[in-house]
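A short worksheet on the structure shown next.
The values are calculated or read from the model by the stated rules, or taken from the named source; none is laboratory data. The structure presented is a predicted model; accordingly, all values stated were derived computationally and were not measured. With ideal geometry, Cβ positions are generated from the backbone for all residues, glycine too; neighbour counts draw on all protein chains shown.
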Amino acid sequence: MLTVLIITLCILLGGHHLYESHYVKNNLQNEIGRIIKVEEIRIEKQEDPPAVYLRAPEIDNLREAYLNIENVVAKRLGAGYRIVLVDNRTPELEGLYEKCSFIIQEAIATGRYQNMEKKIAELAKAAGVHYRLFIDSSAIYLELRDDHGYLYEVIPR
């Protein structure tokens, strides 16, 4: 009797693991793949809050993609997951982002977003980095890209 219980438990746990790792992840990857080209996806339910990690080297419109991905994740996994965009940042891009972060936080505090865009454009040009900046009522979306890497940041407002 104990053997049957152990075997049943193993089958149930194995089935659940298979369901989570293949069905849920594959469906999520397919749906997100319709939004952006995804190289890698990882679901971390044990983190607080739970997270979905995505590696996507080319995102045309970071704001639009992020909002669409949020909707897919909420629909497939439920509310409360955070989206983490895994990028390929270099020390140069990281340094530029640190400079931009002060400008972004100042804009959030003062509401001077046009000034933020102008200053980030100047910093990016001086560093020889291509930038894209999007904004909506909930976040500021920044992409920095050069010949060696790319950086994505979504900063809540």
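I'm trying to understand the selection: among the residues of segment 99-134, which are surrounded by 18 or more Cβ atoms within 10 Å (Cβ to Cβ) and either touching a residue at least 60 places away in the same chain (Cβ under 8 Å) or assigned to a loop (DSSP other than H, G, I, E, B) (or both)? Within segment 99-134, just 129 meets the criteria. Going through segment 47-57 one residue at a time, which ones are more than 11 Å from the chain's Cα centre (by Cα) and either outside the structural domain of residue 26 (by TED's automatic domain parsing) or touching a residue at least 24 places away in the same chain (Cβ under 8 Å) (or both)? Those that are more than 11 Å from the chain's Cα centre (by Cα) and either outside the structural domain of residue 26 (by TED's automatic domain parsing) or touching a residue at least 24 places away in the same chain (Cβ under 8 Å) (or both): 49, 50, 57.
Of the residues in segment 77-98, at least one is on the phi > 0 side of the Ramachandran plot, part of a loop (DSSP other than H, G, I, E, B) and over 13 Å from the mean Cα position of the chain (by Cα). Of the listed requirements (1) surrounded by 13 or more Cβ atoms within 10 Å (Cβ to Cβ); (2) more than 15 Å from the chain's Cα centre (by Cα); (3) modelled with pLDDT under 95, residue 44 misses just one: (2).
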